[in-house]
Amino acid sequence: MPRRQITLSELIQDYGDYLKATMYHTLPGVVKAYYSDGTADVQPAVNDVRFDPDTSERISEKFPIIPRVKIMYPCGGGFTITWPLQAGDKVTLHAYDLDPTVHRQTGGVEDPQDVRRHGGNYWQAVPGDVTDSATHPTTSKMVLDGPAFAFGAGAADFAALASKVDACMSLIKTHTHVVSVPGVTAGPATAAGTAAPSTDLTTLNPPPGTGSNLVAIKS
């Protein structure tokens with residue numbers, strides 16, 4: 001049986017499908033490795049599906065891992081929010097229509113080095129889990145959840161939870177140090193035979209002329 005002749009409209013349709021198959025825009029992804037320069041190796045999380053032109057058989061295969069994808073953290077107006085990613089984290093991959101390399105280097109409006117469009121060679125990744133099992137907000141509050149947080153320029157110090165600070169302050173307030181202060185009448189003797197101060201040290205006024213540094217307490 002002779003093969004049916006392909007019509008012009010079918011040829012145009014096939015070529016259009018081919019062009020669309022070579023254009024990349026947005027894909028979900030999974031982080032495979034994260035680097036300290038804010039880039040990550042990302043595995044696209046949907047497979048590349050093609051159809052055999054002769055048999056119409058569906059062929060599915062994984063996309064290759066995209067190396068060193070720049071992670072797009074929220075920033076603007078002098079403010080930034082960053083955090084380290086880890087293997088298994090979800091991201092959304094976005095492909096640039098044109099080569100952004102020179103713009104990344106200068107921050108200005110530049111000519112692209114690679115003038116191909118939709119080549120699929122230049123990507124960015126936005127952290128976020130689009131899966132149905134992802135954590136979703138259940139209250140009207142903004143929730144920050146993580147092992148540690150740092151605020152401020154340089155981000156050298158960590159922020160503490162109020163409940164933890166309150167617990168530490170309560171422990172400090174109830175802890176007693178035995179000291180000897182000139183001009184202060186001692187209270188009842190302790191079990192160890194030493195005298196405990198009868199006045200709260202936070203409100204203690206030293207005798208005139210003795211200075212304000214009579215008492216130095218270290219835990």
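Just so it is clear, none of the values below were taken in a lab; they were calculated from the coordinates. Note that the structure is predicted; figures quoted are calculated from it, not measured. As a convention, Cβ positions derive from the backbone with ideal geometry for all residues, glycine included, and neighbour counts pool all protein chains shown.
Once the piece of chain linking V115 and F151 is laid out straight, how much longer is it, given 0.36 nm per residue of separation minus the C-alpha distance between them?
Extra length from V115 to F151 when fully extended: 8.9 nm.
Counting other Cβ atoms within 10 Å, which GluC sites (Glu not before Pro) in the range 8-102 have at most 13 and lie in a DSSP loop?
E57
Under a cut-off of 20 Å between alpha-carbon atoms, report the lysines in cross-link reach of K62, not counting same-chain residues fewer than 8 places apart.
List returned: K20, K32, K90.
Cut-off under 15 Å on the C-alpha distance; same-chain residues fewer than 8 positions from K70 excluded. Which aspartates and glutamates are left, in chain and number order?
Within the straight-line limit of under 15 Å, K70 reaches these aspartates and glutamates: D37, D41, D89, D99.
Arrange the following residues from fewest to most other Cβ atoms within 10 Å of their Cβ: W83, W123.
So the residues, fewest neighbours to most, are W83, W123.
For Q105 and D129, FRET efficiency with R0 = 25 Å and r from the beta-carbon atoms, rounded to 0.05?
According to the calculation, E is roughly 0.20.
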